[in-house]
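Heads up, the thing below is written out as structure tokens.
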Amino acid sequence: MPFGNTHNNFKLNFKVEDEFPDLSKHNNHMAKVLTKEIYGKLRDKQTPSGYTLDDVIQTGVDNPGHPFIMTVGCVAGDEESYEVFKDLLDPIISDRHGGYKPTDKHATDLNFENLKGGDDLDPNYVLSSRVRTGRSIKGYTLPPHNSRGERRAIEKLSVEALTSLDGEFKGRYYPLKSMTDAEQDQLINDHFLFDKPVSPLLTCAGMARDWPDGRGIWHNDAKSFLVWVNEEDHLRVIAMEGGGNMREVFRRFCVGLKRIEEIFKKHNHGFMWNEHLGYVLTCPSNLGTGLRGGVHVKLPKLSTHAKFDEILGRLRLQKRGTGGVDTASVGGVFDISNADRLGSSEVAQVQLVVDGVKLMVEMEKKLEKGEAVDSMIPAQK
Amino acid sequence: MASNFYRILSSKRNVGILSLVGAGSITGAVLLRREHVTASAHVRRTYPASAEYPDLRQHNNCMASHLTPAIYAKLCDKSTPNGYTLDQAIQTGVDNPGHPFIKTVGMVAGDEETYEVFADLLDPIIRERHNGYDSRTMTHPTDLDSSKLHSGLFDERYVLSSRVRTGRSIRGLSLPPACTRAERREVERVTVDALAGLSGDLAGKYYSLTQMTDAEQQQLIDDHFLFDKPVSPLLTCAGMARDWPDARGIWHNNEKTFLVWINEEDHTRVISMEKGGNMKRVFDRFCRGLKEVERMIQEKGWEFMWNEKLGYILSCPSNLGTGLRAGVHVNLPRLSKDPRFSKILDNLRLQKRGTGGVDTAAVGSTFDISNLDRLGQSEVQLVQTVVDGVNYLIECEKKLEKGQDIKVPAPPKGN
């Protein structure tokens with residue numbers, strides 16, 4: 001929470017055992033890693049902006065989790081959280097990101113030319129293509145922690161940067177608190193409008209404070225490039241279009257991101273990035289590329305195949321319903337995207353999506369003809 | 001009365017304001033069982049107050065009505081000795097603009113000292129919410145002598161149940177919006193300890209939310225005793241649901257007529273109730289139980305948060321004073337349809353709610369009728385108001401049954 005944490009000093013009057021949260025019913029990454037020893041070691045620390053261990057873990061304490069879905073259970077309040085609380089966050093990062101070590105380096109590659117293919121996904125099956133990521137602006141604290149003044153400064157800087165874009169990226173900003181009803185309806189129809197978070201995973205982390213102050217949506221005139229300001233991260237950047245031309249979507253994504261980054265750098269506020277964690281975002285699950293590249297694809301037969309989940313696992317992909325995370329699929333249409341974020345580059349992750357979806361569409365076509373697909377099941381990527 | 005603090009303005013470039021807040025409770029009461037905390041409130045300030053001032057243009061709550069930019073600028077870098085800040089206190093009101101018809105309070109207290117450190121904002125809110133009560137010049141009467149209550153037996157053809165509730169806070173421990181896990185567990189321990197000492201018709205048992213069995217849970221639901229994790233954003237945005245269900249629980253006596261909630265919206269909520277119209281007995285038990293619990297905690301060196309200006313200190317400014325809501329479920333089929341019903345209630349200083357509690361609708365013609373006021377009158381006075389008022393409502397209903405006309409009573413003097 002903003003303005004330092006005098007309250008944290010006061011808590012030190014109490015013993016570790018008395019303050020340690022009861023995590024006996026919990027199933028999230030934080031609960032699996034946090035011991036009394038770690039809690040005792042870190043609880044008197046705070047980042048320069050005043051973010052504390054209890055701030056980091058509150059969302060995981062309040063949300064025990066689901067027996068089947070493993071949530072992260074903690075958030076960062078600023079860039080320094082990942083350093084000051086590394087005794088807690090490094091093991092969590094390792095658990096979440098396939099054994100990623102504190103000494104590992106993350107490769108960033110936003111050169112869209114390095115992507116092979118991706119422009120020939122069959123539009124009879126692939127209904128739409130989308131790539132999203134997040135960016136945090138260096139020098140500001142993150143959504144769980146920032147004050148109104150900071151959030152407004154982030155908005156102001158972001159709007160300045162975005163409105164200076166031209167060409168295919170020329171567009172407009174719609175602040176949430178002064179949107180007209182007509183604008184709101186249009187944004188809803190375009191599937192662009194984001195709403196006040198209702199998920200307790202986010203609200204317990206303080207991300208919905210002061211809503212809708214400082215929040216808004218920017219998109220280009222062509223409605224193919226979209227930026228959310230001050231939702232779960234400082235910026236969420238999205239490129240999308242109908243059909244299967246993921247190559248084009250990824251091109252626009254990379255070009256747009258680079259343009260935005262240049263402008264922020266000119267204002268002496270580049271993006272938070274380091275060679276160990278890649279792009280630094282609020283949720284440890286989004287470190288690295290923060291990238292989720294995906295398609296909406298019709299796989300009614302393949303999705304009912306006994307080995308569907310195994311195929312996805314081997315391709316390093318995940319499925320979601322077309323309403324996004326935690327929704328069910330409708331009519332055999334799935335949202336298929338990369339499972340990884342940290343430890344591989346943007347190009348590599350989108351390549352997995354492109355190659356994997358292409359293969360699965362081939363398999364779907366075979367199943368339609370009544371042919372077996374066992375020989376096509378891939379090896380583990 | 002105010003805490004001591006020094007403010008050191010650093011150089012212009014580093015716009016930081018270091019404020020050292022001296023410890024010391026405002027009432028001069030020693031913080032028992034706790035070391036002195038000299039919290040040096042190093043406030044991280046990179047933006048001026050004007051950049052941080054909330055946008056309250058869409059808001060309709062008491063906080064928004066009284067928080068001017070000037071008051072915000074004056075208070076925004078202060079904190080209580082425990083480190084509770086203005087932004088924390090008002091967060092719930094910023095996040096919940098309110099309803100055009102219902103005016104919520106829009107802020108909470110994180111500890112006893114909140115009411116003093118942020119008095120510039122809380123005093124006008126208290127004045128607005130509590131009929132002009134001015135804690136600078138007035139004193140609040142506390143009176144838990146239930147023998148003074150008269151005519152507290154209602155006609156049970158109309159009154160289905162009677163209930164009195166209040167809240168109590170344990171001095172020296174932060175309130176639910178701000179308490180740490182250790183503090184919350186201490187509240188639980190102190191209270192459960194005290195309740196275990198009750199005997200006779202007050203003897204009972206504690207059910208911790210974390211350890212309740214399924215059978216116990218079902219019984220408590222059937223008895224309408226179980227409280228659930230708050231879902232109202234008014235409470236969640238104030239931080240009251242943190243660490244749920246750690247250190248939360250319900251205690252009730254074996255007869256199921258005296259009930260204590262621990263660590264829900266306040267440290268404790270104390271409820272006396274029974275079916276039927278014997279408000280006298282309900283109030284007797286209420287006062288007796290409260291006094292017993294107070295005696296028990298005092299034996300161990302604790303006391304309730306109370307002062308003669310604001311009475312009993314609770315999380316929400318609307319519950320200051322007595323924190324008391326005395327009410328009945330009463331059936332008024334004819335009166336409730338009379339266009340003068342609301343005015344009659346107003347003049348009797350009563351309010352109606354649905355039988356599901358605040359913000360629910362009435363079922364059929366059965367209403368929850370209770371006192372409007374909390375601060376500035378004693379417990380005895382407020383319960384007497386309910387008794388007199390409900391008796392008057394029943395008289396009206398009986399008159400209407402006989403085809404006679406009713407009168408709207410005069411409003412109380414000075415209102």
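The values are calculated or read from the model by the stated rules, or taken from the named source; none is laboratory data. Nothing here was measured: the structure is a model prediction, and the numbers come from that model. For neighbour counting, all protein chains shown are included, and Cβ atoms are generated from backbone atoms with ideal geometry for every residue, glycine included.
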State which residue is modelled with the lowest pLDDT when the search covers only the range A:177-235 and only residues that are over 30 Å from A:C74 (Cβ atoms) and of a type in the set (A, V, I, L, M, F, W, C). A:I188
Select from the range B:133-162 the residues that are at pLDDT 95 or above, under 21 Å from the mean Cα position of the chain (by Cα) and among the small types (G, A, S) and list them in ascending order. B:S146, B:S162
Kindly provide the set of residues from the range B:78-88 that are surrounded by fewer than 23 Cβ atoms within 10 Å (Cβ to Cβ) and either of a type in the set (G, A, S) or more than 7 Å from chain A (Cβ to nearest Cβ) (or both), ordered by number. B:K78
Residues of the range B:92-111 being within 9 Å of chain A (Cβ to nearest Cβ) and surrounded by fewer than 24 Cβ atoms within 10 Å (Cβ to Cβ), in sequence order, are B:D95
What single numbered condition from (1) surrounded by fewer than 23 Cβ atoms within 10 Å (Cβ to Cβ); (2) touching a Ser or Thr at 6+ places or on another chain (Cβ under 7 Å); (3) more than 26 Å from B:K256 (Cα to Cα) fails to hold for B:L175? (1)
Among the residues of the range A:151-195, write down those that are part of a loop (DSSP other than H, G, I, E, B), surrounded by 15 or more Cβ atoms within 10 Å (Cβ to Cβ) and not aromatic (F, W, Y). A:L165, A:M179, A:L193
What residue, among those in the range A:67-84 that are crowded, with 21+ Cβ neighbours inside 10 Å and charged (D, E, K, R), is nearest to the other protein chains (Cβ to nearest Cβ)? A:D78
For B:Y207, the lone unmet condition from (1) within 30 Å of B:M279 (Cβ to Cβ); (2) within 14 Å of chain A (Cβ to nearest Cβ) is (2)
Evaluate the following for B:D123: is it of a type in the set (D, E, K, R), free of Cβ contacts under 8 Å to residues at least 24 places away in the same chain and part of a loop (DSSP other than H, G, I, E, B)? no
From the list B:V187, B:V164, which residue is under 20 Å from A:F14 (Cα atoms) and touching a strand residue (DSSP E or B) at 6+ places or on another chain (Cβ under 6 Å)? B:V187
Just one of the numbered conditions (1) within 22 Å of B:K205 (Cβ to Cβ); (2) buried (at least 22 other Cβ atoms within 10 Å of the Cβ); (3) more than 20 Å from the chain's Cα centre (by Cα) is not true of B:W251; which one? (3)
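I need the helices (runs of 4 or more DSSP H) fully contained in the range A:1-66, keeping only those with at least 2 residues that are surrounded by fewer than 16 Cβ atoms within 10 Å (Cβ to Cβ) and within 12 Å of another protein chain (Cβ to nearest Cβ).
Working: elements: A:6-11, A:16-19, A:29-33, A:36-42, A:53-62.
Correct list: A:16-19.
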Quick check: anything in the range A:180-191 touching a residue at least 24 places away in the same chain (Cβ under 8 Å) and touching a helix residue (DSSP H, G or I) at 6+ places or on another chain (Cβ under 9 Å)? no
Only one of (1) touching a residue at least 40 places away in the same chain (Cβ under 8 Å); (2) crowded, with 19+ Cβ neighbours inside 10 Å; (3) among the aromatic types (F, W, Y) does not apply to A:W273, and that is (2)
